[in-house]
Amino acid sequence: MANRVVSPCSLAFEAKANVPDPVLSGDTVIVRSKEMPEKGKPLKERSLHIAGLSAPRMGSTAREDEAFAFSSREFLRTLLVGKEVAFNITHSLPANGPGGDREFATLYIAPASPGGPPQDVSMLIVSNGWARVREGVGEGEEAVRRLGEAEAKRREMLRNAEGQAKAEGRGLWDEQPETQRTVSFQMPADPHAFIAEYKDQEVDALVEQVRDGTQYRVRLLLDEHHHQFINLTVAGAKSPKASGAREGDQSAEPWGEEARSFAEVRLLQRPIKVRLLSAPVSLGASSLPAPAASSTTKTNGSGMPALPTAGGGGGGVIIGTVIHPNGNIAEFLCSAGLAKVIDWHAGLLAAHGGLDRIRAAEKSAKDKRLGLWENTAPTTNGRSAAQAGSAGAVADAAPATNKGQSFDATVVRIWGSDQLSLLAKGEDAERRVQLASVRGPRGAGAREAYWANEAKEYLRKRLIGKTVHVLIDYVKPKDGEYEERECVTITYGTQNTNISEQLIEKGLATVLRHKRDDEDRSMELDKLIVAEQAAVAETRGLHSTKEVSLPRIVDASENGSRASQYLPSWKRAGRHAAVVDFVASGSRFKLYMPKENTKITFVLAGIRAPRVARAGTTEKSEPYGPEAYKFASRYMQRDVEIAFDSTDKQGGFIGALYVGGVNLAVELVKNGLVNVHTYSAEALPFGRELISAEEEAKKAQKNIWSNYTGEEAAPAAETATGTALAPEYLDVYVSAVRDSDPFGFSVQVLDDNSVAALEKLMSDFALHHRQATSTAPKDFSPRTGDLVSAKFSEDNQWYRAKVKKSSNLKKEALLYFIDYGNEETLPFARIRPLDTKFKSLPGQAREARLSFVKLVPRSNEYGPEAWRRFGSLTEGRKLIANVDQKEGGLLHLRLIDPSDPNAADDPMACINADLVREGLATLDKTLKYVKAYPQVERKMVDATEGAKRDRLGIFEFGDVSED
């Protein structure tokens with residue numbers, strides 16, 4: 001006699017591969033060995049038919065339940081499931097199909113009282129009237145001959161018990177017919193309507209099949225007359241796949257079998273409570289996509305519909321909580337390390353406690369390194385050990401993460417729909433941060449641009465200039481061109497309102513889809529998901545179907561004539577609402593007027609602010625220019641009021657700007673950051689305020705008045721310190737252009753001797769490198785300063801070059817090609833020693849720059865255009881160059897295109913002036929020799945004015961120079 005535990009799936013409808021006819025009912029069980037299998041292997045099970053009995057057959061998609069079938073099955077389920085049994089195999093019969101023989105057995109359970117004999121399960125079933133004794137084995141001697149004396153005696157006792165049950169009307173023999181029960185074996189035709197009907201109810205249920213740790217086939221006991229089968233996915237957790245989870249797939253993921261066994265032992269055929277939450281259609285976050293049920297649903301061997309396969313629509317599964325008598329099964333699976341949290345179910349569980357308890361269970365398993373987490377490295381300062389060591393040799397130099405740090409800060413700028421800049425209390429440097437787990441609208445389409453602008457404006461109105469509380473949830477590491485970024489949760493106001501939650505709830509952003517194992521996420525992720533589900537349900541913002549597009553914004557400062565058209569009516573209307581869109585200096589702004597859908601350049605009237613050096617240039621700021629700029633930048637993106645006075649010739653509007661009723665110009669003057677322009681101030685309504693404020697600043701010796709003694713020194717006369725050179729015209733060819741700031745280029749001087757010499761050298765050079773003797777010696781390593789021959793990558797030809805930098809570690813060197821001016825980093829394999837006979841001719845490339853002017857920096861938005869324009873004016877052309885100045889080996893050249901018709905009439909015509917006229921270069925006032933060439937200087941000034949007038953290049957949005 002063997003001892004076994006009746007499997008919790010004893011009476012399940014699951015068809016096992018070795019059970020050919022598993023129509024399980026009140027006379028069939030599945031038993032499982034008490035021995036645990038090897039890791040990753042399923043539990044060994046055995047299907048047993050109780051010898052000598054016949055119970056009513058359970059129904060399926062193909063047939064209805066026989067009378068009393070469910071009650072018979074329930075009696076046996078309640079009697080045996082989860083209990084230890086002993087059994088004897090009495091006989092076996094060949095199966096009707098593939099698989100092993102059908103085994104028949106007698107089963108015994110523990111005595112009813114201590115010291116008593118084991119209880120015969122067959123006798124208990126028959127005595128209670130839930131099965132019939134099989135006929136056809138004869139009686140008396142015939143039964144003894146066919147069954148043996150002991151089994152024949154047992155059968156006689158069963159027949160006597162059956163007679164007693166009949167007489168008492170028990171079970172099947174009850175004279176009252178069983179209450180008619182409707183059982184639906186298919187999924188509900190409309191899962192959403194079905195869920196809505198039983199919303200917020202805990203429905204009694206039985207788990208009839210376990211696919212894996214978190215996916216079950218469940219019989220819902222809706223009421224005495226109605227049962228409904230559903231495919232259920234556990235809300236909040238996901239277990240690994242078990243073997244046979246998909247049709248034809250017998251492979252299991254690590255810990256998949258253990259997770260299924262864990263669920264079977266606790267749930268299968270056990271009474272549970274189920275709370276139906278959703279069919280997976282929202283957020284694209286279905287944990288179990290499955291096809292909808294139909295009349296052609298595939299069945300397993302039991303005749304019951306098999307679990308749907310992954311990859312279909314959302315109609316074949318319902319998400320819900322499974323409540324074991326001891327609690328939520330999701331928590332138990334996660335605490336055992338047999339499931340992981342599904343973030344996207346946070347919204348579904350929000351009304352029932354959220355994911356907090358499940359997350360805590362998962363964290364406990366991680367800390368103990370159980371199950372799925374057995375190989376998880378311990379975390380250090382917010383990063384796993386693997387992450388911390390990923391930087392290799394420089395890992396020690398990696399900056400420590402600020403994860404978990406919190407602080408108060410002022411919001412100083414909104415960059416977009418999910419990024420902003422903060423100024424933490426006690427700090428001087430701004431911190432650009434991103435909202436954690438939030439994704440703002442992206443894309444170049446009109447719809448995306450509209451909602452991105454709405455999101456940015458929503459953040460601006462609620463946060464700009466406000467003090468907020470910041471929690472750093474995680475730090476996004478540097479990735480290519482993207483800098484390291486702190487990802488934060490920001491709360492503000494007396495209610496500690498989460499701005500991310502508000503933004504998502506309004507439909508102005510979505511929740512970022514994190515990878516399952518990505519622990520870098522917002523601490524409030526669950527609330528964000530709930531907010532998004534609310535936005536989706538109400539079709540707000542991004543989730544709406546209405547057609548939207550950005551309004552057309554007019555640039556009233558496009559030029560002077562356009563500005564003058566707007567001025568009269570705006571001036572008469574008094575103050576206008578505006579938003580500061582950009583701060584160019586202490587006195588110059590870009591403003592947006594929302595009511596008028598207009599953008600303007602605005603200059604503060606009556607003052608002059610010190611000049612500020614533009615970013616990416618070698619310019620120097622005037623004293624206190626940066627301080628004035630910083631003061632004015634406080635009002636970036638603030639709501640302000642403006643009053644107009646006049647316009648300038650570039651289209652800028654001049655007037656007063658008020659912040660909270662305070663005149664910004666007066667505040668700048670009070671703080672000693674700007675000068676009052678007395679002549680223009682006297683004509684202003686607030687001119688006396690400006691003059692009084694300046695007197696206060698002088699007395700207090702604030703900033704620009706720090707050395708004020710009561711007497712103002714006259715400004716020194718501007719004198720030229722450089723001298724003009726005698727004209728020296730050269731025929732040149734631009735052979736290379738430097739691709740980084742500061743702008744520079746190389747030229748070849750085209751005199752007859754040098755051209756012929758270079759052509760001959762290159763011809764001999766090419767022949768030399770076709771010879772086998774020209775190869776580099778073994779282990780050749782060029783040194784800095786060496787002259788070498790190198791194979792240029794663009795044309796694979798050999799040229800003379802000089803080594804600027806060499807790395808034996810990388811086996812490569814940075815080279816300067818002395819005849820053309822190019823630079824390139826090449827591996828040692830493409831470099832050879834330069835033969836002595838090729839060293840006599842000096843390098844033909846001369847380093848040069850444009851005289852009088854400086855090109856727009858490449859880092860400027862107009863920089864690439866300036867570089868391209870220089871190329872188009874010089875590439876492949878024979879030019880004339882006048883040497884205006886020599887700076888060591890660097891030539892300051894005025895380039896003249898002889899094919900330009902203007903050059904014949906205008907002696908000052910040159911490419912230098914053309915670039916200035918197009919707004920792609922500016923007069924370089926740092927050059928000492930500029931004043932020594934008054935005619936050229938006048939030409940450059942006129943070109944600058946023309947570029948400003950026509951709004952070309954850097955003057956596209958107005959005069960970027962200071963008033």
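Charge dipole of segment 753-843 (Cα centre as origin; +1 on each Lys and Arg Cβ, -1 on each Asp and Glu Cβ, all else neutral): 340 debye, rounded to the nearest 20. For K41, the aspartates and glutamates whose Cα falls under 16 Å of its own Cα, not counting residues fewer than eight places away in the same chain, are D212, D249, E253, E257, E258, E264.
Projecting the Cα atoms of M636, S564, N663 onto the charge dipole of the chain, computed from C-beta unit charges around the Cα centre, puts M636 farthest toward the positive end.
The alpha carbon radius of gyration of segment 753-843, expressed as a multiple of 2.2 N^0.38 Å, is 1.03. The order of K590, K166, going from fewest to most other C-beta atoms within 10 Å of their C-beta, is K166, K590.
Of the residues M908, M187, the one with the fewest other Cβ atoms within 10 Å heads the list, and the complete ranking is M908, M187. Ranking G843, L787, G821 by how far each Cα lies toward the positive end of the dipole of segment 753-843 (charges on Cβ) leaves L787 at the top. Taking other Cβ atoms within 10 Å as a rough exposure proxy, I50, I358 sort from fewest to most as I50, I358. Placing +1 on the Cβ of every Lys and Arg and -1 on the Cβ of every Asp and Glu, with nothing else charged, gives segment 408-543 a dipole about its Cα centre of roughly 460 debye. Counting charges near G440 (Lys, Arg +1; Asp, Glu -1) among other residues having Cβ under 11 Å from its Cβ returns a value of 0. For segment 846-955, the tally of Lys pairs with Cα-Cα distances below 19 Å comes to 14, considering only residues 8 or more apart or on different chains. The convex hull of the Cα atoms of segment 402-525, projected and averaged over all directions, covers 8.1 nm². Positive end of the dipole of the chain, charges at C-beta (+1 Lys, Arg; -1 Asp, Glu), about the Cα centre: which of Y108, F589, I464 has its Cα farthest in that direction? Of Y108, F589, I464, it is Y108. Reducing segment 614-677 and segment 881-906 to their Cα centroids gives an inter-centroid distance of 40 Å. For the chain, a simple Cβ point-charge model (Lys and Arg +1, Asp and Glu -1, everything else neutral) yields a dipole of about 1020 debye relative to the Cα centre. Extents of the chain, taken as max minus min of Cα coordinates on every principal axis and listed largest first, are 141, 86, 47 Å.
Each value in this text was obtained by applying a stated rule to the coordinates, not by laboratory testing. What you see is a predicted model; the values in this text were computed from it and never measured. FYI the Cβ positions are ideal-geometry reconstructions off the backbone, even for glycines, and counts take in every protein chain you see.
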